[in-house]
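First up is the structure itself, then whatever we jot down about it.
The values are calculated or read from the model by the stated rules, or taken from the named source; none is laboratory data. Everything quoted here is computed from the prediction, not taken from an experiment. When we count neighbours, we look across all protein chains shown, and the Cβ atoms used for this are built from the backbone with ideal geometry, even at glycine. Note: areas computed on protein heavy atoms with side chains; ligands, DNA, RNA excluded. Shrake-Rupley method; radii C 1.70, N 1.55, O 1.52, S 1.80 Å.
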Amino acid sequence: METSNPTFQDLILKLAAKTSEVKLGGGQKRIDSEHAKGKLTARERIDYLIDTDSRFLEIGTFAADGMYEEEGGCPSAGVVSGIGYVNGRMCVIVANDATVKAGAWFPMTAKKNLRAQEVAMENHLPIIYLVDSAGVFLPMQNEIFPDKEHFGRQFRNNAKMSAMGIVQIAAIMGSCVAGGAYLPIMSDEAMIVDKTGSIFLAGSYLVKAAIGESVDNETLGGATTHCEISGVTDNKYDSDQDCLDAIRKIFGTLGENPKAGFDRIESNDPGIPEEKLLDIFPMERGKPYDMLDVIAGIVDGGEIDEYKKDYGKTIICGTARIEGWAVGVIANQRKIVKTSKGEMQMGGVIYSDSADKAARFIMNCNQRKIPLVFLQDVSGFMVGSKAEHGGIIKDGAKMVNTMANSVVPKFTIVLGNSYGAGNYAMCGKAYDPRLIYSWPTAQMAVMSGASAAKTLLQIKVASLKKKGKVISQEDETQLLEEITNKYNEELSPYYAASRLWVDGVIDPRETRKVISMGIEAANHSPITERFNVGVIQT
């Protein structure tokens with residue numbers, strides 16, 4: 001499917017193919033095995049649970065993509081998660097995929113589960129756990145067990161969410177073993193499917209080894225045991241469908257919570273058909289284009305009320321609406337612009353004036369309670385003596401400060417380049433965007449592939465020469481090719497998505513949906529913190 005000069009349509013086809021493959025989980029044979037047990041798969045459970053014809057925004061589809069290959073791979077990190085609607089209520093859903101290593105937890109499984117809980121906590125959304133997991137993947141226990149962001153953090157989050165008043169409903173629909181048993185039992189309500197669901201701290205084999213007792217798993221921790229004897233679970237159900245129907249009933253009784261109050265009016269179509277986004281955005285990384293044309297395909301009516309339109313032109317700032325929601329857009333302008341003094345500025349580069357403008361705009365949006373949308377195609381901050389003498393670091397720091405301290409929710413879409421400190425200033429993952437997604441054209445790294453490869457080559461050659469090795473021109477060429485190929489692989493949006501540096505890779509035509517659902521989720525969590533930038537460079 002890869003071509004030497006791919007078109008945008010090629011990238012969309014690759015995205016669709018990779019998505020279809022990932023959604024098969026452990027493969028058709030494993031899916032058939034689950035069906036033979038009378039069970040639905042993780043994705044079938046979610047499809048059954050959510051409202052008919054409603055939206056579902058998946059988070060982490062490509063988590064662990066290309067990772068753990070020596071263990072046979074771990075599609076979607078063995079768990080499906082996202083934001084959906086159950087009985088009209090927006091919520092987060094997390095479903096273990098038993099077709100992938102029996103739902104065992106790999107290091108990325110823990111990271112993905114924690115990300116889903118983070119989304120629920122930040123947005124004060126109810127969360128549903130559909131549990132079907134064999135527990136920690138033991139060969140990698142040292143990478144998943146004891147640290148702050150490892151397996152145990154999810155139970156800390158269970159407790160914190162409970163204290164925050166966030167509804168947590170768990171359904172035990174398969175295995176639920178060892179430490180993992182605490183997740184459903186620390187939820188508000190724990191349901192279990194009869195004959196297929198089981199929950200225990202240690203299974204029958206371990207019990208036999210530890211204390212010499214012989215007992216089968218159903219007697220040890222099946223639905224009847226826990227609903228009639230131990231009281232660990234609340235109710236048992238005859239099938240996956242019955243259990244999911246019960247969850248829907250619970251969600252039909254939930255009371256309303258206060259809202260943040262973000263402004264929304266009736267939605268309008270974007271200014272240009274979303275299909276045209278694929279034509280507007282150039283495949284050649286260095287080719288200039290007008291970001292306003294892209295914005296027209298994302299915002300309602302294509303209308304943006306620009307802030308300081310004629311100042312700091314390499315960053316576009318302005319208010320607009322997306323599916324009716326008021327938003328503050330901060331986007332990198334990719335065409336070459338001219339200042340009022342006649343100086344040319346390169347597109348995609350943040351200069352002092354554009355950083356200064358963006359910082360002020362971010363403060364205004366916080367003052368007016370308007371969510372922020374960052375559209376990234378950034379090469380970084382301007383360098384050189386003129387920029388340094390002009391205080392680029394000071395102005396860049398001001399932009400980073402205001403963005404980092406924002407109390408309004410932030411959403412980031414990586415369209416193209418996302419290099420170095422530009423990634424930071426434009427609200428990369430380290431700055432807590434509520435959601436961050438990439439287009440298939442995105443590239444994320446400290447610097448561009450060409451620049452990095454040449455720098456790395458110089459370091460490698462110098463190191464070899466120090467060891468007394470003679471490097472021919474042919475050797476240098478081969479080394480450069482090897483370095484370039486490795487670096488380009490790491491630039492891929494799928495590389496970023498596999499490690500959850502972004503929440504997913506999306507078709508550009510899904511951009512409005514991501515942002516709109518993100519703001520709707522954020523609207524469930526009132527802003528209680530006062531906006532304060534502390535000491536700021538002026």
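Protein-only accessible surface at a 1.4 angstrom probe places the residues His389, His226 in the order His389, His226, largest first. The helix-based estimate of mean residue ellipticity at 222 nm for the chain, built from -39,500 (n - 2.57) per DSSP H run of four or more residues and divided by its residue count, is -11000 deg cm²/dmol to the nearest 500. Hydrodynamic analysis of region 194-282 uses the Kirkwood radius over alpha carbon pairs. Inserted into Stokes-Einstein at 4 °C and 1.567 mPa s, it gives a translational diffusion coefficient of 70 µm²/s. Given their separation in residues at 0.36 nm each and the Cα-Cα distance between them, Lys23 and Glu388 gain 126.5 nm when the chain is fully extended. Compactness of the chain is given as radius of gyration and Dmax, 25.3, 85 Å, from Cα positions. Within straight-line reach of Lys513, meaning a Cα separation under 16 Å, sit the following lysines at least 8 residues removed in sequence or on another chain: Lys410. The aspartates and glutamates within cross-link reach of Lys308, meaning a Cα-to-Cα straight distance under 14 Å and a gap of 8 or more places when in the same chain, are Asp353, Asp356. Normalised by 2.2 N^0.38 Å, where N counts its residues, the alpha-carbon radius of gyration of region 364-421 equals 1.30.
With Cα atoms defining each centre, region 143-192 and region 503-538 are spaced 26 Å apart in the structure.
Could you tell me what percent of the accessible area of the chain is made up of carbon and sulfur, with a 1.4 Å probe and every protein chain present? All intermediate terms of the calculation are to be shown ahead of the outcome.
Values: 12180 of 23600 Å².
Ligands and nucleic acids excluded, carbon and sulfur reach 52 percent.
Straight-line reach from Lys469: which lysines have Cα under 18 Å away, leaving out those fewer than 8 places along the same chain? In chain and number order, the partners are Lys460. Summarising the overall dimensions of region 310-371 from its C-alpha atoms, the Rg and Dmax are 12.6, 38 angstrom. The heavy atoms of Val215 offer some 30 square angstrom of accessible surface to a 1.4 angstrom probe.
State the Kirkwood hydrodynamic radius of region 361-514 in Å, one decimal place, computed from all pairs of distinct Cα atoms.
Roughly 17.5 Å, rounded to one decimal.
In this structure, the residue pairs whose Cα-Cα separation is over 29 Å, taken from Lys18/Lys313; Lys148/Lys249; Lys111/Lys276; Lys287/Lys429, are Lys18/Lys313; Lys148/Lys249; Lys111/Lys276. The antiparallel fraction among DSSP beta bridges confined to region 317-375 stands at about 65%.
Which value, in Å² and to the nearest 10, is the accessible area of His150 when all protein chains are kept and the probe is 1.4 Å? For His150, solvent-accessible area is about 40 Å². When the trypsin sites (Lys or Arg not before Pro) in region 214-264 are filtered for DSSP coil states and for at most 16 other beta-carbon atoms within 10 Å of their beta-carbon, the remaining sites are Lys259. For Met140, the solvent-accessible surface with a 1.4 Å probe is about 20 Å², rounded to the nearest 10.
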